[in-house]
1. Test V419 against the stated conditions and say whether it is assigned to a loop (DSSP other than H, G, I, E, B) and on the phi < 0 side of the Ramachandran plot.
2. Can you say whether V180 is assigned by TED's automatic domain parsing to the domain that holds G164 and either among the β-branched types (V, I, T) or buried (at least 24 other Cβ atoms within 10 Å of the Cβ) (or both), as far as the supplied structure shows?
3. Search region 352-395 for residues being modelled with pLDDT of 95 or more and either within 12 Å of ligand 1 (Cβ to nearest atom) or of a type in the set (D, E, K, R) (or both), and hand back the single one that is surrounded by the fewest Cβ atoms within 10 Å (Cβ to Cβ).
4. Pairs under 7 Å by beta carbon, first residue in contact (Cβ under 8 Å) with a residue 60 or more places away in the chain and in a strand (DSSP E or B) in region 224-243, partner within 8 Å of ligand 1 (Cβ to nearest atom) and of a type in the set (K, R), six or more apart or different chains?
5. K268: among the charged types (D, E, K, R), within 11 Å of ligand 1 (Cβ to nearest atom) and touching a Lys or Arg at 6+ places or on another chain (Cβ under 9 Å), yes or no?
6. Can you tell me which residue within region 193-252, out of those that are in contact with a strand residue (DSSP E or B) (Cβ under 8 Å, 6 or more places away or on another chain) and of a type in the set (D, E), is nearest to K323 (Cα to Cα)?
7. So which residues in region 137-165 are within 28 Å of G46 (Cβ to Cβ) and either surrounded by fewer than 15 Cβ atoms within 10 Å (Cβ to Cβ) or among the hydrophobic types (A, V, I, L, M, F, W, C) (or both), if there are any at all?
8. Which of the strands (runs of 3 or more DSSP E) contained wholly in region 296-397 include at least 1 residues that are within 16 Å of ligand 3 (Cβ to nearest atom) and hydrophobic (A, V, I, L, M, F, W, C)?
Amino acid sequence: MTNKLDVLLQKPYVHHQLSVAELVEKVLQRNEGRLTHTGAVAVTTGKYTGRSPKDKYIVEEPSTKQTIDWGAVNQPMSPETFDKLYDKVLDYLMKKDELFVFKGFAGADPKYRLPIQVVNEFAWHNLFVHQLFIRPNVEELAVHEPQFTVICAPNFKADPKVDGTRSEAFIIISFERRTVLIGGTEYAGEMKKSIFSVMNYLLPEQGILPMHCSANVGQEGDVALFFGLSGTGKTTLSTDPNRRLIGDDEHGWSNRGIFNIEGGCYAKCINLSREKEPQIFDAIGFGAVLENVVLDDATRVPNYDDGTLTENTRAAYPLQAIKNIVDPSVAGHPSTIVFLTADAFGVLPPISKLTREQAMYHFLSGYTSKLAGTERGVTEPEATFSTCFGAPFLPRPAVEYAEMLGQKIAEHNVRVFLVNTGWTGGPYGVGSRMKLAYTRAMVQAAVEGELDNVETVQDPIFGLAIPTHVPGVPDDVLQPQNTWADKQAYEQKAKELAQKFRANFRKFAHIDPTIEKLGGPLV
Ligand SMILES: Nc1ncnc2c1ncn2[C@@H]1O[C@H](COP(=O)(O)OP(=O)(O)OP(=O)(O)O)[C@@H](O)[C@H]1O
Ligand SMILES: O=C([O-])CC(=O)C(=O)O
Ligand SMILES: [Mn+2]
């Protein structure tokens, strides 16, 4: 198998390690995309404008049989099925007249980084991985030996009848063959998130906790982590003019501190404005990749308000496109952890302080709403429990990650907050999304320790400690029941959500019961 890949990679039509400028030229020559007025590359991805979790598989091999949490997220595929499809994809790529290979790393801490290579059919995909993964310097490249290979052939469509897939699209990880095989979908997020899944499997073996979170650091060296499922604000809130950005989506936490897994950011850009998110807006310059953003034909100015192709429009840019970053993206142990949830019920407080048990409870629960677009088929907010705020990317049982987090929170005495970036004043359709300016003010107060010793009131349903006052936020906004016109409707919705929490938590019946008793809803 390796042989066939070696043969492929030695073909004269394979471009190795092209620069950003060369890749931009290739994208334009090959008519894969268009230049925007700032020199970003704008592409469309056809039918697949978000991840396709139902088409994701892990190969069931002797070493993974007992360690993977098999089920709807981690669907098994037999090694025979994988090998056949792998052969077909390689034969397909042998017939192309151009391919693009990027070598780099996942993991900014040199001690724990994974050397990877990505083989792309599309130049723009290769530009994407160049911007998103960690780029090697000349010396690192000279001795680079890939330990994992991603092969991405979007124009290869699987035939479910013969290939053992569910559809034409597939994202398959084989840990023994050290390969990720992607086909049928053009959405670039699959490449970054499949390597994240790989890291979520490999890092715990080295005692490192992988996390679906963003991270930044303040002037005093104080590190904050922001966990949250797609669209809850990891990228938006970690990009802060007063704090240096470490990373926007994926990190590891070792006994040396935290490190970014990636070398770039992948920001949602629906309704992006310079006024509300200036650093992200300005990061979309030469060589950035815009997915499914509509451009003005003549001026080539992106219209970020246009969601006609998808709500999940995306911008990919290297960390270095943000002015205040930590480079390389490693930092010490966090002092603050924020769990971001986009509550479409509009009943969770906009900010609350969590006890140890509440932190464990909410981490395992991972309550949020799936926002439109990031996953196929989701068109309006949908309540979901995504354990560890990252269920789609976790190959191992959730409890393994949660226990590691619990130990680290205790060891480093981390303060933990739950922040609702979703609805207020009523549920989705009635209320409105929390004002970004308020969320920013609350997050600022939290990470700066200003909420450590403030007066709080207990949320009547969820038992969470809600600060009565946060600088820059009207007091009324802080108490959810005060934002609803109909108090009875509020109570009914809140109880409905509490009931969902309890039903969801049944699957954790085997863990320490005090977590639910002391950390769960009161009623
Ligand atoms: N109160 C709020 N807090 C945070 N984000 C908000 C708020 N109100 C609206 N938004 C919008 O929600 C979106 C948050 O998206 P963001 O890219 O930060 O999510 P993410 O957690 O990084 O998701 P992903 O994991 O998919 O990258 C942005 O478009 C942001 O402008
Ligand atoms: O993976 C994606 O498509 C975007 C993302 O960051 C997430 O969903 O968490
Ligand atoms: Mn993000």
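1. It is false that V419 is assigned to a loop (DSSP other than H, G, I, E, B) and on the phi < 0 side of the Ramachandran plot.
2. yes
3. Checked region 352-395; the qualifying residue surrounded by the fewest Cβ atoms within 10 Å (Cβ to Cβ) is R356.
4. Here the result reads F226/K234, each pair linking region 224-243 to a residue that is within 8 Å of ligand 1 (Cβ to nearest atom) and of a type in the set (K, R).
5. yes
6. The selected residue is D240.
7. F148, V150, I151, C152, A153, N155, F156, A158, D159, P160, K161, V162
8. 314-318, 334-341
The values are calculated or read from the model by the stated rules, or taken from the named source; none is laboratory data. Not measured: the values here are computed from a predicted model. Ideal geometry is used to build each Cβ from the backbone, glycine not excepted, and the neighbour counts take in all protein chains shown.
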